[in-house]
Ligand code: FES
Ligand code: FES
């Protein structure tokens, strides 16, 4: 039997009945129409499906939908307060920290988690935080630059 | 130098807000409603076998299954340059993973489960897994029907063999050249297969509606090529270009992997079997590795003749390409490499055989660099060895032999304007080539490497770009083109070109992704030709619009035409300093006359570009006589690396790439191509490598076993340098450089390893194991 779950998605209470074997990524994309998390590998290798559960960045392709019952889920859409670009997003824009943009939602979520825990990371900490997010286009440097510039500004 | 407002400026990307906000839609993000069906593929488990039968009874009984189809339902061939690929395998399979049948179901899980229940009976045929076996006399034939296949006139297949194309280049007299040389030596270099690994997998949705129209949404670099190939392949079903439409949203990385047609043919074909229902097919990451295109492997034998003073007298190269089971696109990689395998050198006597060989491995095809990344490894390794053997500095040797504008290319045409020598000098200075670095740590060795590179767009001579440019009521603009935004920033650059001419800022210009019914023709977004070719079309469309505007001002207001100019979104006149007419006041509405009538109306610019000087006709025995390449973009590169002698690990301390881009239209975007492309190339030389077993099965079809670089793997420093020798027919003098940044990575590392350790490694990748083996005395 499918189980009804209640959770908070991007500050809104949701109630869903996911299939028992449905992943969080599938539920977000297919059932709820939240498309910013992308599926690049479906096995935890690429990070393009990264979302936050209770403030922790996770790969939504590795989490079952039923597991978020009672928890808070945030996708990139939920990281734009009042629908406005965050300072981090603006820094991504200014530094061309994306090319095709497929990895970008996952990357921004991963970086947001880092900055939550460590508002002024150094380059190595940034690289480590990004190491689970594959980007085939940018060579990562422009992403690191955006984070450095952003984190520096907050000092 | 001209004073530009938008050209050459670090203009922000016009697709930026969509991409940092999650608003950008990729093909899997599109919604098709509850009637959407899903397809799963039955894949060949054999690399070479006859199909004796397909039993679908069990699969058909799975709840939710709508339809099962196989080769019997679609006995059609297709291909871009050579018609050798099949919608579904017919009488035989030729690689592991090839599509044999498909199940269409209401749910993805049902389709997948049913596909697993389809039973295919095979009789094994002898396997051909490498070029040596394929070229042996009496080798099993992978395409016995090769002699019947249609192909472009510049291919030379050999019926009755596994040679799909044989590109010959003969210039001067190599025997004489070798006789004149003081030193002649040869070496063989091998490069394995590689995967593109765009993070977005391939996907396509087809809908054949009840009116008989086929629409296919794809993740593609080539919407018009797809429409053309779908129409050709499915013509027996009554389809033609008129009733086939391809729509391509943003693409999550291409690198050549999404050029042409690979799995998308399935969505097109399957849709025709479930009329009225959209049907979606998404490749898994594993399928992405083994059933799209792979970069072809190559075995290159390079023989060079040089005089004591460093003059190259002759070059002979034999390139055997492992092109895989189908070469409809890949044979052109072989062709392009054959034309240009001299590298950017002036060499009087040249003999090149570039041979496209069928094997029972997945189809090879285009990958960023298009054959050049592959041959440059051997060629530039060999150039270093030549310099070393002669006791000449490796940079001085290259500088002496570097190709100059006007020099005769291997196929007889003249070299275009380019600043290769300046590239060489700038890189040498930046990596302090004249200073030998030494590690203070005895466990580490430091080495410097240097290499040249070049690449021409590989295109049919009539590859064209077309652009419409339309104004909106507020004076903003839409550019309608059919190039693809695959990450390179093409939309932004097109906006900059139009902005420069029409004075409308790029932020007010939209460049939407294509729909073949609405956007005009573009050949494909490949070959690094879009900035140049499509850019030229945009320039012409903008000039066309500007001329219409001036004509109208003359006609409606009686102004003097020669005095008119555009500035800050207004028409102005040098004769009347006080007068200005904002574009938004008339580009849609027209200009009102004293009697209340209007003149003008919506302004729509049109631009087209086709390189009318290009020609692929040449003598098959010598390659002489045509003008197959429109121009080359050249460059030089260097690196400083540190090798850990205990672990064999290589760290790139600094890499420098100088590229002659003609004109840097957007320096920030160019920089992005350097950091991204160089890392992609670096991974091919350090660790990426496709591994197959003796049954032709790919062993590492995932990101844990086929490692691509993470943020932890980037070089310490990458320095891009842009040289600007204008390309006469390019927009504002620009030429392309998107692929080029990947090309030199392998030889600069190989040469730096040689510099650091004194060992020459002749096979890629140059893994830590190979370094350790080399250090313990086993020459590779
Ligand atoms: S899709 Fe989840 S990690 Fe790749
Ligand atoms: S921007 Fe394309 S994968 Fe990161």
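Since every read-out is calculated from the coordinates, none of them should be taken as a lab result. Since the model is a prediction, treat every value here as computed from it, not as a measurement. Here the Cβ positions follow ideal geometry from the backbone for every residue, glycine too, while neighbour counts run over all protein chains shown.
Here are the numbers for the structure shown:
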quantity	calculated
Debye equation applied to the C-alpha atoms of the protein assembly as shown, log10 I(q)/I(0) at 0.06, 0.08, 0.09, 0.11 Å⁻¹	-0.42, -0.76, -0.97, -1.44
Projected label distance in nm at residue B:210 and residue B:768, using a 7 Å step from Cα toward the beta-carbon	6.3 nm
MRE, 222 nm, helices only [DSSP H, n ≥ 4, -39500 (n - 2.57), over chain B, to nearest 500]	-7000 deg cm²/dmol
Translational D in µm²/s for the range A:12-155 (Stokes-Einstein at 37 °C, 0.692 mPa s, Kirkwood Rh from C-alpha pairs)	213 µm²/s
At R0 = 45 Å, FRET efficiency that the Cβ-Cβ distance of residue B:307 and residue B:241 yields, to 0.05	0.20
Among beta bridges that DSSP assigns inside the range B:260-367, antiparallel share in %, nearest 5	50 percent
Within 10 Å of each Cβ in A:42-50, the average number of Cβ atoms from other chains	4
Cβ neighbours within 10 Å from other chains - mean over A:83-95	3
In range of the label at residue B:186: residues from the range B:319-344 whose backbone nitrogen is under 18 Å from the point 7 Å along Cα→Cβ	B:319-321, B:341-342
Estimated FRET transfer efficiency (residue A:13, residue A:118; beta-carbon r; R0 35 Å; 0.05)	0.70
Inter-centroid distance (Cα atoms) of the range B:575-630 relative to the range B:469-515, Å	14 Å
Equivalent ellipsoid semi-axes, chain B, via Cα gyration tensor eigenvalues times 5, rooted, Å	41, 38, 24
Sequence of B:320, B:627 once ranked by neighbouring C-beta atoms within 10 Å, starting from the fewest	B:627, B:320
Antiparallel content of DSSP bridges confined to chain B, in %, to 5	80 percent
Centroid-to-centroid separation of the range B:300-325 and the range B:28-55 [C-alpha atoms, Å]	44 Å
Burial order of peptide ranges B:545-555, B:88-98 (average beta-carbon count within 10 Å, highest first)	B:88-98, B:545-555
Residue exposure sequence - B:315, B:669, B:183 - by fewest surrounding Cβ within 10 Å	B:183, B:669, B:315
Exposure proxy ranking, count of Cβ atoms within 10 Å, fewest first, for B:120, B:357	B:120, B:357
Between the range A:1-73 and the range B:642-715, the alpha-carbon center distance in angstrom	32 Å
Among beta bridges that DSSP assigns inside the protein assembly as shown, antiparallel share in %, nearest 5	80 percent
For A:28-40, mean number of other protein chain Cβ atoms within 10 Å	4
Translational diffusion of the range B:671-741, µm² s⁻¹ [Kirkwood Rh, Cα pairs; Stokes-Einstein; 25 °C; 0.890 mPa s]	164 µm²/s
The range B:450-553 - Rg over Rh from alpha carbon coordinates, Kirkwood radius	1.02
Debye equation applied to the C-alpha atoms of the range B:711-771, log10 I(q)/I(0) at 0.17, 0.22, 0.30 Å⁻¹	-0.78, -1.01, -1.31
Square roots of 5 times each gyration tensor eigenvalue, C-alpha, the range B:1-158, largest first, Å	39, 31, 13
Gain on full stretching of the segment that runs from residue B:435 to residue B:613 - 0.36 nm per residue minus C-alpha separation	59.5 nm
